[in-house]
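The values are calculated or read from the model by the stated rules, or taken from the named source; none is laboratory data. Given the structure is predicted, the values throughout are model-derived calculations rather than measurements. Methodologically, a virtual Cβ is constructed for each residue, glycine included, from the backbone with ideal geometry; neighbour enumeration extends over all protein chains shown. Note: accessible area is taken over every heavy atom of the protein model, side chains too, but ligands, DNA and RNA are not part of it. Shrake-Rupley method; radii C 1.70, N 1.55, O 1.52, S 1.80 Å.
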Amino acid sequence: MPILDDDVRAEVEKFLEQVEKPVKLVVFTQEFECDYCLETRSLVEEVAELSEHLTAEVYDFVADEAKAEELGIDKIPAIAIIGEQDYGVRFYGIPSGYEFSSFLHTIHLVSEGKSELSDAALAALAELTEPVHMQVFVTPTCPYCPQAVVLAHQMAIASPMVRGDMVEAMEFPQLSVKYQVMGVPRTVINETVHIEGAAPESMVLAKVQEALTGAAG
Amino acid sequence: MLDFKLSKPTAEPEPAETFHIPEPADGIYDLIILGGGPSGMTAAIYAGRAAIKTLVLAGSMPGGQMSNTDTVENFPGFPDSVKGAELAMLFQRQAERFGARFALETVTAVDFSKRPFTIRTDMREYKARTVIVATGAVPRLMGVPGEKTFFGRGVSTCATCDAFFYRGKKVVVVGGGDSALDEGIVLTRFADQVTIIHRRDELRATKIYQERAKANPKINFMLDSVVDEVLGDKTVTGVRVRNVKTGETTVVDTDGVFVYIGMIPKTEMFKGQLELDEWGYISSDENQNTCVPGVFVSGDVQDPYYRQVVVAAGTGAIAAMEAEKFLGEYPELDGPEQLLYCPDPEK
């Protein structure tokens, strides 16, 4: 049975008309499929069918270990969205509910290879010399979350130093415990600094600086 | 739980039924609406239909408070109730159909002292001939020790977002209105026990919510009670509760604190530019005019009493119709300059 119903499929197809350059949706699952692994793979395959510029690639997390390592995939279900290059944009857990719009929005941004960040933000990101890993914890019913997710993904697109992950908290309870996630969105930057809620661009950048200077000092 | 919402602008609808309005050539919008809740989106529907070049600065969350409301049961036309998130999406789709542009940007400053008006967001600057302020309201916090410390680590104002983290746990809900009871009921889907703490001896919520909450075996009540402190270690472990009649203090063990004690209008950035009442709500006349001609106001940001989706939508429609009238009367970049001030601008 398809994941997307006909109405949604039609809307997605229209949305994807904006995508004019090739984008690969690389999904990781495993033979004995995990919770939502099957659904995530079906979702990716169904979405990829709706645009000539999208292709789905399916890998097995165990059998294709080398590929997982190459893309830095450490848990499943996972989707890497890759455009002209790999910008470090990842979704861990199924992008359902509000996150489905983050998923589509991110596909479009990756296809363009361009963020919609302000000039000031781009200038600050250009200065980065150390890696920045942003993990945005979400639930599918959180209306504030897509803003935080898309912002992290835009920063990843804008800077080769930044990786941006959506992490669906319900599917990775051990990470929710590890990072003490009790409310979403919660953005964890380089393991050390965190942001509660959907913060504006400038505040997120300040937190990135905090994470980097904290690590240095 | 697997549903797929399209809350972002999706695509251009069918040309036959859409009215596409391009970005203004001179960079000046006829109308900028600050806020993407029911009021701002209704204003956008009306403005779009009047072929006014409209931009909606929807902030971080299109749909506003509607989006984090589980179920809306009192919006006419939805006899079987509708999910708040779904209603928000329908509002936006309707506004976009009539050509309104949406930007998910947060307004940081405005200048209403000269025309065209200037609006600054976290990302860029815009100019507009008219403005509708529909910034809405944000949840009020208790202002007690521990509340800020544990925000996001047990303290929350969004049960829809965070209920999942309380599976099998105990939570308290602070407040006695519709939101407190409705979200308390949402929390019982995950939490084992929900204690509703309310400062008075009777609840303020609509009868239908009261009956449902009282019939729910997971919900209990502490009336005449206020929270004096949120206690915790790494995360919340309890709240110190004081009975306002007896003065007696007890510690209630809890894993989460959901605060639903009303709203604060989002008007900080309008201080010194528009007239605010003592609670911070924007003052207006019955036609949604503020003291600056060409700047209108609608929705919860000017409504301390009703705070309903349907009322916010109603005042949004009035504001847009008044903006249209204003643009008709002052088609150029002028306006009644002599009135471009507010009473007590220093206040």
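Within segment A:104-162, how many residues are surrounded by fewer than 22 Cβ atoms within 10 Å (Cβ to Cβ), under 13 Å from the mean Cα position of the chain (by Cα) and not assigned by TED's automatic domain parsing to the domain that holds residue A:56?
Matching residues across segment A:104-162 total 1.
Go through (1) at negative phi; (2) of a type outside the set (A, V, I, L, M); (3) within 12 Å of chain B (Cβ to nearest Cβ); (4) open to solvent by 20 Å² or more (accessible area, probe 1.4 Å) one by one and return the number of the condition residue A:22 breaks.
So residue A:22 meets the others, but not (3).
In segment B:251-270, is there at least one residue being open to solvent by less than 50 Å² (accessible area, probe 1.4 Å), more than 18 Å from residue B:109 (Cβ to Cβ) and among the polar types (S, T, N, Q)?
Within segment B:251-270 (the criterion being open to solvent by less than 50 Å² (accessible area, probe 1.4 Å), more than 18 Å from residue B:109 (Cβ to Cβ) and among the polar types (S, T, N, Q)), the answer is yes, since at least one residue qualifies.
Conditions (1) open to solvent by less than 50 Å² (accessible area, probe 1.4 Å); (2) away from every other protein chain (no Cβ under 14 Å), marked per residue:
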| position | (1), (2) |
| --- | --- |
| A:32 | no, yes |
| A:36 | no, no |
| A:50 | yes, no |
| A:59 | no, yes |
| A:62 | no, yes |
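Residue by residue, here is whether (1) within 14 Å of another protein chain (Cβ to nearest Cβ); (2) in contact with a strand residue (DSSP E or B) (Cβ under 8 Å, 6 or more places away or on another chain); (3) modelled with pLDDT of 85 or more holds:
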{"position": "B:5", "(1), (2), (3)": "yes, yes, no"}
{"position": "B:27", "(1), (2), (3)": "no, yes, no"}
{"position": "B:47", "(1), (2), (3)": "no, yes, yes"}
{"position": "B:74", "(1), (2), (3)": "no, no, yes"}
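For segment B:67-103, which residues satisfy the criterion of being surrounded by fewer than 20 Cβ atoms within 10 Å (Cβ to Cβ) and closer than 11 Å to residue B:41 by Cβ?
B:90, B:93, B:94
Here is a yes/no grid of residues against (1) assigned by TED's automatic domain parsing to the domain that holds residue B:169; (2) in contact (Cβ under 8 Å) with a residue 24 or more places away in the chain:
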| site | (1), (2) |
| --- | --- |
| B:224 | yes, yes |
| B:242 | yes, no |
| B:247 | yes, no |
| B:254 | yes, yes |
| B:273 | no, yes |
| B:319 | no, yes |
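Out of segment A:165-192, which residues are away from every other protein chain (no Cβ under 13 Å) and either at negative phi or of a type in the set (Ser, Thr, Tyr) (or both)?
Those that are away from every other protein chain (no Cβ under 13 Å) and either at negative phi or of a type in the set (Ser, Thr, Tyr) (or both): A:165, A:166, A:167, A:174, A:189, A:192.
Output the residue which, of all residues in segment B:116-166 that are without any contact (Cβ under 8 Å) to a residue 60 or more places away in the chain and part of a loop (DSSP other than H, G, I, E, B), is least open to solvent (accessible area, probe 1.4 Å).
Across segment B:116-166, the extreme among qualifying residues is B:152.
Where in segment A:74-180 are there helices (runs of 4 or more DSSP H), lying fully within it, with 3 or more residues that are touching a helix residue (DSSP H, G or I) at 6+ places or on another chain (Cβ under 6 Å)?
A:99-112, A:119-126, A:145-158
Applying the selection to segment B:286-307, what residues are farther than 17 Å from residue B:43 by Cα and open to solvent by 60 Å² or more (accessible area, probe 1.4 Å)?
B:305, B:306 - these are the residues of segment B:286-307 that are farther than 17 Å from residue B:43 by Cα and open to solvent by 60 Å² or more (accessible area, probe 1.4 Å).
With the requirement that a residue be β-branched (Val, Ile, Thr), touching a Ser or Thr at 6+ places or on another chain (Cβ under 6 Å) and closer than 19 Å to residue A:201 by Cβ, what does segment A:125-142 give you?
If the condition is that a residue be β-branched (Val, Ile, Thr), touching a Ser or Thr at 6+ places or on another chain (Cβ under 6 Å) and closer than 19 Å to residue A:201 by Cβ, then A:136 is the only one that fits.
Of everything in segment A:18-68, what is part of a strand (DSSP E or B) and hydrophobic (A, V, I, L, M, F, W, C)? Give them in sequence order.
Scanning segment A:18-68 gives A:23, A:25, A:26, A:27, A:28, A:54, A:56, A:58.
Within segment B:43-65, can you find the residues that are more than 18 Å from residue B:294 (Cα to Cα) and part of a helix (DSSP H, G or I)?
Selection gives B:45, B:49, B:64, B:65.
Scanning for something among the aromatic types (Phe, Trp, Tyr) and within 14 Å of chain B (Cβ to nearest Cβ), does segment A:84-93 turn up at least one residue?
Taking every residue of segment A:84-93 in turn, at least one turns out to be among the aromatic types (Phe, Trp, Tyr) and within 14 Å of chain B (Cβ to nearest Cβ).
Please return the ranges of strands (runs of 3 or more DSSP E) entirely within segment B:228-347 where 1 or more residues are among the hydroxyl-bearing types (Ser, Thr, Tyr).
B:236-243, B:249-253
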